[in-house]
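Comments concern the structure below.
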There are 2 protein chains.
Amino acid sequence: MTESVLDYMTRLGREARSASRVVARASTAQKNRALLAAAAALDAARQTLTEANEQDLAKGRANGLEPALLDRLALTPARIDGMIEGLRQVAGLPDPVGAIRDMSYRPSGIQVGKMRVPLGVIGIIYESRPNVTIDAASLCLKSGNATILRGGSEAIHSNRAIATCIQAGLAEAGLPAAAVQVVETTDRAAVGALISMPEFVDVIVPRGGKGLIERISRDARVPVIKHLDGICHVYVAAGADLAKAQQIAFNAKTYRYGICGAMETLLVDKTVAAEFLPAMAEQFRAKGVELRGCPRTLEVIEAVAATEQDWNSEYLDAILSIRVVDGLEQAIEHINHYGSHHTDSIVTEHQGQARQFLAEVDSSSVMLNTPTCFADGFEYGLGAEIGISTDKLHARGPVGLEGLTCEKYVVIGDGQLRGQNA
Amino acid sequence: MTESVLDYMTRLGREARSASRVVARASTAQKNRALLAAAAALDAARQTLTEANEQDLAKGRANGLEPALLDRLALTPARIDGMIEGLRQVAGLPDPVGAIRDMSYRPSGIQVGKMRVPLGVIGIIYESRPNVTIDAASLCLKSGNATILRGGSEAIHSNRAIATCIQAGLAEAGLPAAAVQVVETTDRAAVGALISMPEFVDVIVPRGGKGLIERISRDARVPVIKHLDGICHVYVAAGADLAKAQQIAFNAKTYRYGICGAMETLLVDKTVAAEFLPAMAEQFRAKGVELRGCPRTLEVIEAVAATEQDWNSEYLDAILSIRVVDGLEQAIEHINHYGSHHTDSIVTEHQGQARQFLAEVDSSSVMLNTPTCFADGFEYGLGAEIGISTDKLHARGPVGLEGLTCEKYVVIGDGQLRGQNA
């Protein structure tokens, strides 16, 4: 590359901005044609994809990449199937763009409503998993946005091979190539440039470890839709059906330890602790989950003594902290203080308790009699998700097509003038 | 004050965060009682308010404050009436908090929907007009948020007197005093502290000149809902009713020169320019509006030659730039390139032209046959506005109660488990 990284990124940005105007007015049929053609191109390119991925894997092994990272990097046949299926699913989702709501007459005679429109240009910064390239590109395209994708350098060959298939899809539908651009350089300065071009990029979505996300949020001059911790709670209230509570808590912890919606702390009302905890603890222990309890928990079951640090921890592992609380108020206080405003659930059959918990817990998802591991775009019916936002402004919780759009006001008159009408 | 400004602001922040939990769960009746009691307190305190304001005005005159600023600072009897009426109007608005929408069953058996909730703590930074204290406090309170208000030092006595009335209202309704706090120090470091406490403040709304807003946006570590330029356009299209177009354009420019929704550039389709512009220009000239035109405009009417700078200018004055364009596409390009994404209007009777303009102009308000000066929270039916956002994320356009809230997911199950249901 003879141009500087900054010049290169500026060129990508300018082309993305220009392409975004075309994608924004593309018809649903045209966008779907591009998605389905990209799916067909992936299907036809399995051999090429596998070879490109082999290059990345070989380099990763040579560089001593951890097994977990190598696993995320691998494009297995099943994962290629998953990408193809994902594209088809996104093609099948309703198109949010252009929907008009709440159009009503005002006393002046004008009509005012809101129209849903794309955000413009979305920058995605992600780590090793190459299938994110397809997830992100498809959601952004369907929602009428242009995308600049900056994957990890360890996946560069895989990402380029996937990008070729996306380009084939765009070409087939007559959409501009710059609608989806993969950053071709592995120079880290590219990230710095991408997050500093508000004139070309409307929002950044970082996907990866907390370190990456914090760094980007701190340095960005463009708005960031971000996901930080998932310190999720289940509170077994005084009004709980304890058999149901045990199933819910077990599922919330053990469905998958590594997902952000996994329960990390179990709160138990003092009125039910003695009855509930022994059987619960036995089930967790049989599964190999390490338990860490507050002093009142340790009166009822055997466990490691929990420290202040435990209430602040996202283990993402087979570890669970347990606290016995005095009641609903203390449970809500604990969650709002120690939690990460992600997903928290109450187990109760008592309507008043449920109503208060759902209203007062300040999290992106509040749940009743539901395991926290349900916090997921597919389970919520979004069709797919580009991430789960723990921010309050704009998107909160799982972010699907709607989170990649905004609303503008539409005002229709017929010559009404201000200051001259009733 | 013996504590440092930073300690003082941290204390305000902590108290606001704590109060926000109480305000968030306050009933609509309780919030309305506080608003109406504050209105009654203002009405009873007219004498005190006037005296406090006199202190600010005297100091302002002594410091050589410009007449325009002195005018904004003045709390006339009419403005006190306006504040009282504003509080009553906000009390009459529907309460957005707690509304649940789109609750639907998912294949797993869980129900998923969204609940509207307050943002938490809102920091308002504003300049001389003391009535903003009431506008901001009432909207934030009604939407269930705690507020920290930082007005200009030139209005400190007026703001304190108004704050006393708000405190009376909060006390009457049994709400915590920290639900609305006025920063008592005029030290500029207070602003720096307020915009750097994401743990205590959820969003900042700056109101004032562009310099203030740019500075705050650049330095804030908290999200900012901001309003920058209002470079608004009216495009008289080929399909326009020219008599209607003339009325709309005249109203858009002359309703008030100083509002952000005032038209700054008039775009005229080349097919109608020769017929439309002479009478239009005559009406503007009679009103004393200076006209600056592109070369094709100057072929039809007399005007100053417009420069590139004119297309980028928010005059806020009796000046109008005029450009003749080749058609709809060029009009949209001009607006998206030179405009400020605020409010832009097309005048046409042609459905296809209207549809394309409304879809493709990337502004917070897009209008058809309506003067741009209608861009206003009251006119849109929001009841009141805390500002007009030119951002795309979160709130876009006039920001009322809804813009001071967000939505969280509510998930209701009855023991459904993930990975074990259809």
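The values are calculated or read from the model by the stated rules, or taken from the named source; none is laboratory data. In this text, all values refer to a predicted model and were calculated from it rather than measured experimentally. Using ideal geometry, Cβ is built from the backbone for each residue, glycine included, and neighbour counts are taken over all protein chains shown. When the accessible area is computed, the model is the full protein with side chains, heavy atoms only, and any ligands, DNA or RNA have been set aside. Shrake-Rupley method; radii C 1.70, N 1.55, O 1.52, S 1.80 Å.
Would you confirm whether any residue within the stretch B:10-21 is more than 14 Å from every other protein chain (Cβ to nearest Cβ) and more than 20 Å from B:L119 (Cα to Cα)? No, there is no match, as no residue in the stretch B:10-21 is more than 14 Å from every other protein chain (Cβ to nearest Cβ) and more than 20 Å from B:L119 (Cα to Cα). Going by the conditions given, is B:D56 within 19 Å of B:L149 (Cβ to Cβ), of a type in the set (D, E) and either in contact with a Phe, Trp or Tyr (Cβ under 7 Å, 6 or more places away or on another chain) or assigned by TED's automatic domain parsing to the domain that holds B:K210 (or both)? For B:D56, the condition - within 19 Å of B:L149 (Cβ to Cβ), of a type in the set (D, E) and either in contact with a Phe, Trp or Tyr (Cβ under 7 Å, 6 or more places away or on another chain) or assigned by TED's automatic domain parsing to the domain that holds B:K210 (or both) - is met. For the stretch A:298-309, filtering for residues that are closer than 21 Å to A:Q283 by Cα and either surrounded by fewer than 16 Cβ atoms within 10 Å (Cβ to Cβ) or under 28 Å from the mean Cα position of the chain (by Cα) (or both) leaves 4. Where helices (runs of 4 or more DSSP H) fall entirely within the stretch A:206-298, those with at least 3 residues that are in contact with a Pro (Cβ under 9 Å, 6 or more places away or on another chain) and in the same structural domain as A:I125 (by TED's automatic domain parsing) are at A:210-219. Of all residues in the stretch B:387-422, which are open to solvent by less than 10 Å² (accessible area, probe 1.4 Å), more than 10 Å from chain A (Cβ to nearest Cβ) and among the aliphatic types (A, V, I, L, M)? Within the stretch B:387-422, B:V399, B:L404 meet the criteria. Tallying residues that are within 13 Å of chain A (Cβ to nearest Cβ), surrounded by fewer than 20 Cβ atoms within 10 Å (Cβ to Cβ) and more than 22 Å from B:R17 (Cβ to Cβ) within the stretch B:183-238 yields 4.
Every condition in (1) modelled with pLDDT of 95 or more; (2) closer than 30 Å to B:A359 by Cα; (3) in a loop (DSSP other than H, G, I, E, B) is met by A:K392 except one, and the failing one is (1). Can you find even one residue in the stretch B:151-169 that is without any contact (Cβ under 8 Å) to a residue 24 or more places away in the chain and more than 14 Å from chain A (Cβ to nearest Cβ)? Checked against the condition, which is being without any contact (Cβ under 8 Å) to a residue 24 or more places away in the chain and more than 14 Å from chain A (Cβ to nearest Cβ), the stretch B:151-169 yields at least one hit. Among the candidates A:A384, A:A331, the residue that is away from every other protein chain (no Cβ under 13 Å) and part of a loop (DSSP other than H, G, I, E, B) is uniquely A:A384.
For the stretch A:341-368, a residue qualifies if it is out of contact with any strand residue (DSSP E or B) (no Cβ under 7 Å at 6 or more places or on another chain) and open to solvent by 20 Å² or more (accessible area, probe 1.4 Å), and the qualifying residues are A:H341, A:E349, A:H350, A:Q351, A:G352, A:R355, A:Q356, A:A359, A:E360, A:D362. Among (1) under 30 Å from B:G211 (Cβ atoms); (2) crowded, with 24+ Cβ neighbours inside 10 Å, there is one condition B:L87 misses while meeting the rest; what is its number? It fails just one condition, (1).
Within the set A:Y235, A:Y255, the sole residue that is over 21 Å from A:F357 (Cα atoms) and among the aromatic types (F, W, Y) turns out to be A:Y255. In the set B:A26, B:A34, B:A38, B:A16, only one residue is under 26 Å from the mean Cα position of the chain (by Cα), surrounded by 16 or more Cβ atoms within 10 Å (Cβ to Cβ) and outside any helix (DSSP H, G or I); that residue is B:A26.
Each residue in the stretch A:312-328 was checked for being closer than 21 Å to A:A238 by Cβ and either open to solvent by 10 Å² or more (accessible area, probe 1.4 Å) or assigned to a helix (DSSP H, G or I) (or both), and 4 pass. Within the stretch B:87-103, if we keep just the residues that are modelled with pLDDT of 95 or more and within 11 Å of another protein chain (Cβ to nearest Cβ), the residue that is nearest to the chain's Cα centre (by Cα) turns out to be B:V97.
Could you look through the stretch B:331-364, keep only residues that are among the hydroxyl-bearing types (S, T, Y) and within 20 Å of B:L228 (Cα to Cα), and pick out the one that is farthest from the chain's Cα centre (by Cα)? Among residues in the stretch B:331-364 that are among the hydroxyl-bearing types (S, T, Y) and within 20 Å of B:L228 (Cα to Cα), the one farthest from the chain's Cα centre (by Cα) is B:Y338. Within the stretch B:104-150, no residue satisfies the criterion of being under 18 Å from B:L75 (Cβ atoms), open to solvent by 10 Å² or more (accessible area, probe 1.4 Å) and touching an Asp or Glu at 6+ places or on another chain (Cβ under 7 Å). What residue, among those in the stretch B:361-379 that are part of a helix (DSSP H, G or I) and at pLDDT below 95, is nearest to the other protein chains (Cβ to nearest Cβ)? Once the filter is applied, the top-ranked residue is B:E379. Selection of first residues in the stretch B:350-376 that are farther than 18 Å from B:H337 by Cβ and of second residues that are open to solvent by less than 10 Å² (accessible area, probe 1.4 Å) and among the acidic types (D, E), restricted to Cβ pairs under 6 Å at least 6 apart or on distinct chains, gives an empty result.
Of all residues in the stretch B:242-270, those satisfying the criterion of being among the β-branched types (V, I, T) and within 11 Å of chain A (Cβ to nearest Cβ) are B:I248, B:T254, B:I259.
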